[in-house]
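Q: First, the structure itself, so that you have it in front of you.
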Amino acid sequence: LATIPAGLEVVVAESPPQWRSSSPYIAVPGAHEKATSSVYYLPTPDPGWPTQEQRDFMLSESDLMSVTAHCVWSGHILESARSNRSGNPLAAFTYSYGYAEGWSHYSEEMMLHEALDNDAELAIGQLQNALLNNVRALASIGVHTQGMTIDAAERMFLELAFSDPQSARQEAVRATFDPGYVLYALGKLMVVKLRDDWLAQHPGASLGEFHDAFLSYGSSPLRPRCGSSARAAPSRSPP
């Protein structure tokens, strides 16, 4: 499905208490550091919380699988490593929110269909994360352009994304300082559009060939295209 650079190592570790958040997260090597391992941090609840809150905080196995696809294979860690090895010396220093998060959110559904046999239980986890990112888009737009309050955004995460109370509050507050999290959902839609256009222009090409072409550019900016697939960019134009 995609080429993994030789020697790329991922270490799984428990999140330090001071870095505890509602979701797993990663630490990747710096620009042009190729011998350093990437780290995939898994959070655990605060032992001082009530038992039920601790249980609510923990991800289900199906949700964790989707998050792992997003963070590790074939998501952020692969995307970061490929950017770092793209051959463009500047690509390792650049970051495109839509490219990185769009690709990784795209990877959740793609891995479910292509590598995880469309498992029905895992599909629930993938849909849970898709709902979360859709509500992030609504919260970002609502808070910054429509006068939505933090409390209203929190209710959306509770009612529409089925988040636990701790996560819902964190996500609502995040809208205030990270409006770019609208690009999880929007970036995914742009990657899907680019994939469909590219495959239409390359009859017989595999999905893996598209993924390798996409990842070969490093963290390039994505932009929406209007019109039919016949007007899509040629294969070597930046996505």
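Q: Over the Cα atoms of region 10-101, each weighted equally, I'd like the Debye log10 I(q)/I(0) at q = 0.11, 0.18, 0.20, 0.22 Å⁻¹, rounded to two decimals.
A: Computed log10 I(q)/I(0) values: -0.38, -0.85, -0.98, -1.10.
Q: What ³J(HN,Hα) values, in whole Hz, does the Karplus curve 6.51 cos²θ - 1.76 cosθ + 1.60 give for region 89-103 when θ = phi - 60°, with x put for Gly and Pro?
A: x, 8, 4, 5, 9, 9, 8, 10, 4, x, 5, 5, 6, x, 4
Q: Listed highest first by mean packing, meaning other Cβ atoms within 10 Å per residue, what order do 150-160, 67-77, 84-94, 29-39 come in?
A: Working: 150-160: 17.1, 67-77: 22.5, 84-94: 15.2, 29-39: 13.0.
Output ranking for 150-160, 67-77, 84-94, 29-39: 67-77, 150-160, 84-94, 29-39.
Q: What number, in percent, do you get for the relative contact order of the chain if the mean sequence gap of Cα pairs under 8 Å and at least 6 apart is divided by its residue count? The partial results should precede the final answer.
A: Details: 356 pairs, mean separation 52.9, N = 239.
Relative contact order, the chain: 22 percent.
Q: From the Cα gyration tensor of the chain, with a ≥ b ≥ c the square roots of its eigenvalues, which class applies: rounded if a/c is under 1.5, or else prolate if a/b is larger than b/c, or else oblate?
A: Working: a/c = 1.72, a/b = 1.37, b/c = 1.26.
Prolate, because a/c is 1.5 or more and a/b exceeds b/c.
Q: Compute the distance in nm between two label points, each set 7 Å from the Cα along the Cα-to-Cβ direction, one at Ser15 and one at Asp151.
A: Once both label points are built, they end up 2.7 nm from each other.
Q: Something else: Report, to the nearest whole %, how much of the accessible area of region 55-100 belongs to carbon and sulfur atoms, 1.4 Å probe, protein only. Could the numbers behind the result be given before it?
A: Values: 1220 of 2040 Å².
Carbon and sulfur: 60 percent of the exposed surface of region 55-100.
Q: Leaving out ligands and nucleic acids, and using a 1.4 Å probe, what accessible area per residue does the chain come to in Å²? Don't jump to the answer; show the numbers that get you there.
A: Numbers: 12030 Å² over 239 residues.
Value for the chain: 50 Å² per residue.
Q: Using a probe of 1.4 angstrom, how much of the accessible area of region 133-225 is carbon and sulfur, in percent?
A: Values: 2670 of 4420 Å².
Of the solvent-accessible surface of region 133-225, carbon and sulfur hold 60 percent.
Q: Applying the Karplus parametrisation 6.51 cos²θ - 1.76 cosθ + 1.60 with θ = phi - 60° to the phi angles of region 141-151, what ³J(HN,Hα) value in whole Hz is obtained for each residue in order, glycine and proline being reported as x?
A: With the stated coefficients, region 141-151 comes to 5, x, 5, 8, 10, 10, x, 5, 7, 4, 4 Hz.
Q: Could you give the size of the charge dipole of region 149-188 about its Cα centre, using +1 on the Cβ of each K and R and -1 on the Cβ of each D and E, expressed in debye and rounded to the nearest 20? Mind dumping the intermediate values first?
A: On the way: 4 positive and 6 negative charges, 27 e Å.
For region 149-188, the charge dipole is close to 140 debye.
The values are calculated or read from the model by the stated rules, or taken from the named source; none is laboratory data. Computed from a predicted model, the values in this text were never measured in an experiment. Every residue, glycine among them, receives a Cβ derived from its backbone with ideal geometry; neighbour counts consider all protein chains shown. We work out accessible area using only protein heavy atoms, side chains counted, and drop any ligands, DNA or RNA first. Shrake-Rupley method; radii C 1.70, N 1.55, O 1.52, S 1.80 Å.
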